[in-house]
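Worksheet for the structure shown next.
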Amino acid sequence: MTIFKITLYLFSILALLTVLIPFIKKDFWMFRVFDYPRFQKFTIVGILSVLWMAFFPKTEILFDIILMASLGISFLYLGYLILPFTPFGKKMISEVKKSDGKECLNLLVANIYQHNTNYQKLLSLVEKRNPDIIFLLETDKKWLEGVKSLRENYPHHIEIPQENTYGLLFYSKLPFVHHEINYLIDEEIPSIIADVKFDNEIVRIYGLHPTPPVPQENPHSTDRDAEILLIGKMAKEYDKPCLVIGDLNDVAWSYTTKLFLKSSELLDPRRGRGMYSTFHAKYKLLRWPLDHYFVSSHFRLVDMKVEEHINSDHFPISICLLLSHEDEENKMTADAEDKELVEEKIEAGIKDEPL
């Protein structure tokens with residue numbers, strides 16, 4: 001057996017394992033982290049399939065045939081999962097052109113990377129984009145000091161600087177009707193709720209940044225999943241124009257995000273348009289969508305864009321939305337089993353008992 005074929009065996013088995021591991025619905029990071037690189041797995045499995053067909057097209061070895069078939073099935077399966085996040089997928093919210101006399105809600109979300117000190121790049125982006133609302137994540141006291149000039153044009157703000165990479169800064173041109181700071185799952189991880197006046201309506205914005213399931217942060221996804229699903233439950237109960245925004249430390253196609261969409265009945269503007277990958281900004285081959293906007297069915301999309309690099313490990317992401325009538329056609333809905341699982345995951349996060 002040649003070294004080439006042994007290497008091909010090794011990489012093929014490893015690739016198949018990365019496809020199978022996410023089927024294990026456990027919260028331990030080793031299982032959840034493989035949710036992230038779905039497009040990368042799709043590409044690698046495709047390359048391996050081509051190599052097998054190119055170099056061993058007439059193999060009669062049963063193990064080879066099973067391996068090739070498994071790679072082919074995995075390639076089709078991953079393609080099926082990726083399809084909704086391409087222009088060939090079905091859009092969850094329709095796209096409209098900005099019309100004269102109709103206000104557009106502009107938002108900018110940026111995980112700035114706490115150890116990044118290039119405040120000016122962020123301020124220049126804000127000046128260029130001129131959003132109505134800015135949500136900055138991983139902000140400490142140095143970042144609060146570095147961007148305090150934003151208060152001049154954004155008189156309404158929520159500032160929660162923290163040194164643990166979970167500080168939040170929220171700036172708005174739109175007046176607050178109500179706002180609050182919550183620590184839903186972890187007493188050191190804040191989230192916010194802000195009700196703002198926009199286009200003669202009250203729009204509720206939920207901003208969050210839960211911990212990722214990685215060993216140096218949190219070895220389980222329990223806290224992250226519980227916080228995401230708890231916010232989703234709150235958004236469903238609110239039942240008025242609302243958005244969930246932030247770095248959710250979860251990808252748009254994960255099992256948890258799909259459960260969130262079902263239970264909240266919010267819509268993902270990425271679907272039918274693209275992945276809009278925001279992380280990792282410095283490694284082109286390791287990028288996936290971690291920073292999100294989820295919107296109620298009252299909104300229509302004018303534009304969404306991954307913005308220029310600001311020396312962070314995340315790209316900022318902006319969105320422009322118009323308020324319209326409620327359209328429930330493309331909502332996902334939760335069945336009884338989904339609702340039971342949501343409650344189970346929320347309870348597990350509150351009790352700190354990983355599933």
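We did not get these values from a lab; they are worked out from the coordinates using the rules stated. Worth saying up front: this structure is predicted, and the values here are computed from it rather than measured.
Here are the numbers:
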item	result
More than 33 Å apart - percent of Cα-Cα pairs taken over the chain	31 percent
Highest-fluctuation residue, His314, His298, His209 considered, GNM on the chain with Cα pairs under 10 Å	His298
Column: log10 I(q)/I(0), Debye, Cα scatterers of region 3-85, q = 0.22 Å⁻¹	-1.03
Cut-off under 5 Å, modelled amide H: who pairs with His179 long-range	Asp195
Cα convex hull of region 123-232, projected area averaged across orientations, nm²	7.5 nm²
Gyration tensor (alpha-carbon) shape descriptor, region 221-355, a/c threshold 1.5	oblate
Region 38-87: C-alpha gyration tensor shape, a/c 1.5 cut-off, then a/b vs b/c	prolate
Rel. contact order, % - alpha carbon contacts under 8 angstrom, at least six apart, the chain	19 percent
Unsatisfied cross-links (Cα-Cα over 28 Å) in the set Lys26/Lys90; Lys26/Lys236; Lys236/Lys351; Lys25/Lys142; Lys26/Lys141; Lys41/Lys258	Lys26/Lys90; Lys25/Lys142; Lys26/Lys141
Principal-axis tilt of helix 119-129 within the chain, Cα atoms, nearest 10 degrees	80 degrees
Proximal lysines relative to Lys148, as straight alpha-carbon distance under 20 Å, when same-chain residues fewer than 8 apart are discounted	Lys121, Lys128, Lys173
Cα-based helix-to-principal-axis angle, 62-82 vs the chain, degrees rounded to 10	20 degrees
Cα centroid separation, region 199-273 to region 18-50 (Å)	22 Å
Choice from Ile202, Ile13, Ile193 with maximal GNM fluctuation in the chain (Cα, 10 Å cutoff)	Ile13
Distance from region 279-324 to region 67-122 (C-alpha centre basis), Å	6 Å
GNM result for the chain, Cα springs below 10 Å: residue of Glu343, Glu326, Glu60 fluctuating most strongly	Glu60
Tilt relative to the chain, helix 222-238 - C-alpha long axis, 0 to 90 degrees, to 10	50 degrees
Where Rh is the Kirkwood radius over Cα pairs, Rg/Rh for region 21-156	1.18
Kirkwood hydrodynamic radius (C-alpha pairs) into Stokes-Einstein, region 104-186, 4 °C and 1.567 mPa s, D in µm²/s	99 µm²/s
